[in-house]
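**Student:** Pasting a structure below so you can have a look.
What follows is calculated from the coordinates using simple rules that are stated; it is not laboratory data. This is a predicted model, so every value here is computed, not measured. Please note: Cβ atoms are built from the backbone with ideal geometry, for glycine as well, and neighbour counts cover all protein chains shown.
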Amino acid sequence: MVEKTIDTNHNSNKISSSENNIINFESPVLEAKNLNVHYGKVLAVKNVSIQVPKNNVVSLIGPSGCGKSTLIRCFNRMNDTIRIAKIDGTITYNSQDIYELDPAEVRYRIGMVFQKPNPFPKSIYENVAFGPKVNGVKENLDEIVESSLKKADLWKEVKDRLKENAYGLSGGQQQRLCIARSLAVNPEVILMDEPCSALDPISTDRIEELIKDLSKSMTILIVTHNMQQAIRVSNYAACMMAGEERIGELIEYGEVDQIFGNPIDKRTENYVTGRIG
Ligand SMILES: Nc1ncnc2c1ncn2[C@@H]1O[C@H](COP(=O)(O)OP(=O)(O)O)[C@@H](O)[C@H]1O
Ligand SMILES: [Mg+2]
């Protein structure tokens, strides 16, 4: 097993652990309570309650099809864009129901990075300036673009080609550009759904370093299939699982060392040791 390289739970204020191996925090940034998600009549995610603590990295793990993408999309109302998706339960961002907030605002505060890099067919500069411009920012755009690209560890590679089309970048650079694009509107949270699974190992390393760096001042929820990655980047891990009826549930949530080193649920153990999934 790879050694963990970051300190755990800075500022997390963990207050309790319940009998379901689900932990509670004092002021979670994100929280889902009794969340169910249906696609049409089919229940995909059942009764999930989870809290994401501030300035931490939480990994969401579990076999394919257990509802990880479905769950992570709930946190910034991305499932609104799927016509047949229906959500019940509560989702809060800093204690506010996200369905009482403007969806565009929710997606700026809670950015998202996908498996496949999805830059706009525009210049590198325009990709990063896009969010601020839509928000009506007219001044200091150059500074915003530069600082966002610096935070995403891409500035040095692109500073002389900002006017070039983003599609000319490598996959790893495109993914860092997508991260820069979400950082440009100053989000508090970034959701990442398998952000490295389309990338080579060197690009993956750079994104992992970036995640660790960003988590000093941001909250990150990341879906990953890569156990070693979860151990390297996260403070907490949440394991989902779907039984024979293929309904995804959260079966265990805890500090990353506990989930990988001493899982309480047998199914978590089977998954993290590679016996299932
Ligand atoms: N847009 C969709 N329409 C209908 N069913 C979906 C949709 N997205 C996911 N599902 C179903 O929901 C379940 C969970 O999928 P998903 O959240 O993608 O799992 P994971 O990300 O863990 O692989 C699966 O059975 C999948 O087929
Ligand atoms: Mg998925």
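**Student:** What FRET efficiency do you get for Asn34 and Asp102 if R0 is 25 Å and r is their Cβ-Cβ distance, rounded to the nearest 0.05? Let's see the in-between values first.
**Tutor:** Values: r = 24 Å, r/R0 = 0.97.
It comes out at approximately 0.55.
**Student:** Is there a pair in Lys54/Lys212; Lys151/Lys216; Lys122/Lys216; Lys33/Lys216; Lys33/Lys68 whose C-alpha atoms are over 20 Å apart, and which pairs would that be?
**Tutor:** Numbers: Lys54/Lys212 14 Å; Lys151/Lys216 12 Å; Lys122/Lys216 31 Å; Lys33/Lys216 26 Å; Lys33/Lys68 16 Å.
Long pairs (Cα-Cα over 20 Å): Lys122/Lys216; Lys33/Lys216.
**Student:** Next question, about the same structure. I'd like the per residue volume of the convex hull spanned by the Cα atoms of the stretch 21-272, given in cubic angstrom. Show your work: numbers first, answer last.
**Tutor:** Working: hull volume 31.0 nm³, N = 252.
Residue-normalised Cα hull volume stands at 123 Å³.
**Student:** Continuing with this model, one more query. Of Ala230, Met240, Leu43, which is farthest on the positive side of the dipole of the chain, counting Cα position, with +1 on Lys and Arg Cβ, -1 on Asp and Glu Cβ, and the Cα centre as origin?
**Tutor:** Leu43
**Student:** Please compute the net charge surrounding Ala85, taking Lys and Arg as +1 and Asp and Glu as -1 over other residues with Cβ under 14 Å from its Cβ. Don't skip to the end; give the middle numbers.
**Tutor:** Values: positive: Lys41, Arg73, Arg77, Arg83, Lys86; negative: Asp80, Asp88.
Local charge sum for Ala85: +3.
**Student:** Show that you can apply the helix-only estimate: for the chain, add -39,500 (n - 2.57) for every DSSP H stretch of four or more residues, divide by all residues, and state [θ] at 222 nm to the nearest 500.
**Tutor:** Details: 10 runs with 87 residues, N = 277.
Computed mean residue ellipticity for the chain: -8500 deg cm²/dmol.
**Student:** For labels at Lys138 and Ser95 in the simple 7 Å Cα→Cβ model, what's the distance in nm?
**Tutor:** If labels sit at Lys138 and Ser95, their model points lie 3.8 nm apart.
**Student:** Can you tell me which of 79-89, 26-36 comes out highest on packing, and rank the rest after it, using the mean Cβ neighbours within 10 Å?
**Tutor:** On the way: 79-89: 13.8, 26-36: 18.4.
Final packing ranking: 26-36, 79-89.
**Student:** Let me ask something else. Using the basic label-point model (7 angstrom from Cα toward the beta carbon), what is the Ile202 to Gln115 distance in nanometres?
**Tutor:** Label-label distance for Ile202 and Gln115, simple model: 2.5 nm.
**Student:** For the chain, with only Lys/Arg (+1) and Asp/Glu (-1) charged at the beta-carbon, what is the dipole magnitude about the Cα centre, in debye rounded to 20?
**Tutor:** Dipole about the Cα centre, nearest 20: 600 debye.
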